[in-house]
Every structure is written in C-alpha cells, then in structure tokens.
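Bear in mind these aren't lab numbers, they're just calculated from the coordinates by the rules spelled out. Please read all numbers here as calculations on a predicted model, not as lab measurements. For neighbour counting, all protein chains shown are included, and Cβ atoms are generated from backbone atoms with ideal geometry for every residue, glycine included.
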Amino acid sequence: MSINILAIESSCDETAAAVVTDGRVVRSNVIYSQIDLHTLYGGVVPEIASRKHVEKVNQVIKSAVSESGLDWEDIDAIAVTYGPGLVGALLVGVSAAKAIAYAKKKPLVGVNHIEGHIMANMIEHPDLKPPFMCMVASGGHSHLVYVKNYNEFEIVGRTRDDAAGEAFDKVARAIGLGYPGGPKIDKLAKEGNPEAIAFPRAYMEDAPYDFSFSGLKSAVLNYLNGCEMKHIEYNKADVAASFQQAVIDVLTDNSVRAAKDYGCNILTLAGGVASNTSLRAHMAKCCEKAGLAFFHPSGIYCTDNAAMIGVAGYYEYINGTRHGLDLNAVPNLKIGEKR
C-alpha cells in the first residue's frame, strides 16, 4: 500500500508544500518564491521572510493537496523542515505542520533541511540507493556527506569559512551583478575565459575533504580593488568565469577524492549551487574519468522545495520517526542530529 507524505518547507525565503508518494513520486510541488522581494535589499531579510511565510503558507499547502489529486484521508503523515535555517521562517512551517497534524490526526515527522537536499536525488533516479557520496553546496553549507543509508549520514568534509553559495553571492555583489549571485555568475561566466585570471584554489593538507572559500573571495576583491586603484578596466565575464572555475575545481577534486577513498562508486550533487551548469558538466566529466556514476537533481529540486522534504520525510516515517506537538525549530540543526 502506498504511503503519501504532505511536506512543508519554509527554512529561508521559499514557502513550499508538496505531496510525495513512497519517497519517489512527486504528486505536487508548490513553491512561492520571495526572490524578487529580497533582491531589493541585496539578500534575504529574515523578518520580511517570516511575515511573507505567514501570509502564504496556508494557500501553498492547500494548493499542494489540491494539485496532488488526493483527499486528506489519503495523507499518511505530515513532514516539515525544522532546521537548519532562519528561526522565524522555520517556526512558520513547523507551526502549520503541527496544526494540521493535530487537526487531521496525522503523524508528524520533522526533517533536516540538508538531508532533504541530499534525498532530492532520489526523485528522478529510481535506481539510486545508498551508499553514495554527496556534495552539498548551497548558500549556507558546503558539506561532503557519506550517505550510508536512507537515514544515516556522515559528514566527511565541510567548509571552514564561507560556503560556496555565499562566496558566489559576495563576488556577484562585488562585480555589480546583484542578488541572487549564483545564477547570475553562472550565466555571465559563459561569456568569459575561466583561465583569464589565476585565482587561488585552497586545499587543506590536514583535512583533504574540507573547503575554504574565504581566501578566494578576498583574492577576487583584491583584484577588483587593484584594477580600480590603477584605473584598469577589467572584464566582468572573465572575473566571473575565473572565480567560478576556482570554486568548481575545489568542489570537484575533493568530492571525487572522498568518493574513491570511501569506496563509493556513486557521487551525487545537491543544494542550490548544484544547479550551476558548469559545475554539473565539470563534475560529470571528472566522474566519468574516475569511473564514478554521477547523479544530480533537476534545477527545481536543487533550490529549496518541499518535494525533497517529502522524500526525506518518507524514509524517516518508515524508519519509525515521529515527533510530538512540542516539535520546535532548530536553526543550527546538524546533519544526522535528531531532536
């Protein structure tokens, strides 16, 4: 008998709800994005995000259930992101999920947002199953995660400072592209030469799977300031392409190395940065050379969405995870941590 999960996601600036069957079939995936609103401020404003979630969460959930073609009686459990993320934004989704679980007498399952990103790979790749290595790259996280099982995750590498997506946003702002930086750099980089400027690649001798992008970001800013002081005109496309290639090289090298060292023959990509077309192409090429199978979600499942929470929620549900109405938002929730 099929298991249908209603999932809710509100960890940052997307209000999302979805219905997922058996952890693989997405019956609906409704997303209300606040990007246009936060672009005015050059980034996400937490208070504004929270207020907008309050305005939109009920209609997004209603739309998701309606579009799924199912009745409330067909829904087996309510899954919701309870961390990590912005505490005010998380609380809106958690509160809505608890209210529905209570009113409809449905089990409540809290889901880790980052684990949701990892499990997004399951949606379009029905043959994919653990164990595998996953590179999670987003605005707030750069993690290399060894996925032992559907509910078992081990962080083997992490950023020591800026996350990859954060570096993209800061460099995009510096060269005048605005927010969100990732998609804009990806687009502009196609017009530039990735070898035009020799930006540094940081590799940690004591932790070969860790990342550091702060030095790269500073190198880009120093290059821009140097050009300005010397009244030298620089090529924005070359800066974007050279910066992006430096990030891609480190993400790919560390990911392939970790997969091989851990005996994985599968490498996956997840998170907002996973929608970067150059990263996908380079990682696919390197995986083929290394004899690794490579998987990544479609763009719609890379950015924040509720379908991925439905997938992760399904595997938590069948594993026996249940939360009470005392479930709270945990903004600093770690991968593999249960609260």
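Things to note:
- For the pair GLU288 and ASP206, a Förster radius of 25 Å applied to the C-beta separation gives a FRET efficiency near 0.25, rounded to the nearest 0.05.
- Karplus-based coupling profile of the range 215-224, in residue order and whole Hz: x, 5, 4, 5, 5, 5, 5, 5, 5, 5, with θ = phi - 60° in 6.51 cos²θ - 1.76 cosθ + 1.60 and x standing for Gly or Pro.
- Here the extension length gained between LEU325 and LYS187 equals 45.2 nm, from 0.36 nm per residue of separation less the Cα-Cα distance.
- In the chain, helices alone account for a calculated mean residue ellipticity at 222 nm of -13500 deg cm²/dmol, with every DSSP H run of four or more residues adding -39,500 (n - 2.57).
- Listed residues ILE118, PRO131, TYR41: farthest to the positive end of the dipole of the range 39-178 (Cβ charges): TYR41
- Gyration tensor verdict on the range 77-178 (Cα atoms; rounded if a/c is under 1.5, prolate if a/b is larger than b/c, oblate otherwise): oblate
- FRET efficiency, 1/(1 + (r/R0)^6) with R0 51 Å, evaluated for VAL25 and SER214 via beta carbons: 0.80
- Integer Hz, Karplus 6.51/-1.76/1.60 couplings in order for the range 58-67, x for Gly and Pro: 5, 6, 5, 5, 4, 5, 5, 5, 4, 5
- Qualifying trypsin sites (Lys or Arg not before Pro) in the range 187-278, where qualification requires a DSSP coil assignment and no more than 10 other C-beta atoms within 10 Å, comprise LYS230.
- Estimated dipole of the range 78-210 in Debye, rounded to 20 [Cβ of Lys and Arg +1, of Asp and Glu -1, Cα centre]: 760
- Model label sites at HIS125 and ARG160, defined 7 Å from Cα along the beta-carbon direction, differ in position by 2.9 nm.
- Only the Cβ atoms of Lys and Arg (+1) and of Asp and Glu (-1) were treated as charged; on that basis the dipole of the range 220-339 about its Cα centre amounts to roughly 260 debye.
- Bridging of LYS62 to aspartates and glutamates at a Cα separation below 18 Å is possible for GLU9, GLU14, ASP71, GLU73, ASP74, ASP76, once same-chain residues fewer than 8 apart are set aside.
- Amide proton proximity set for SER142, modelled H, under 5 Å, gap of 5+: THR159, ALA164
- Shape call, the range 251-339: gyration tensor on alpha carbons, a/c limit 1.5: prolate
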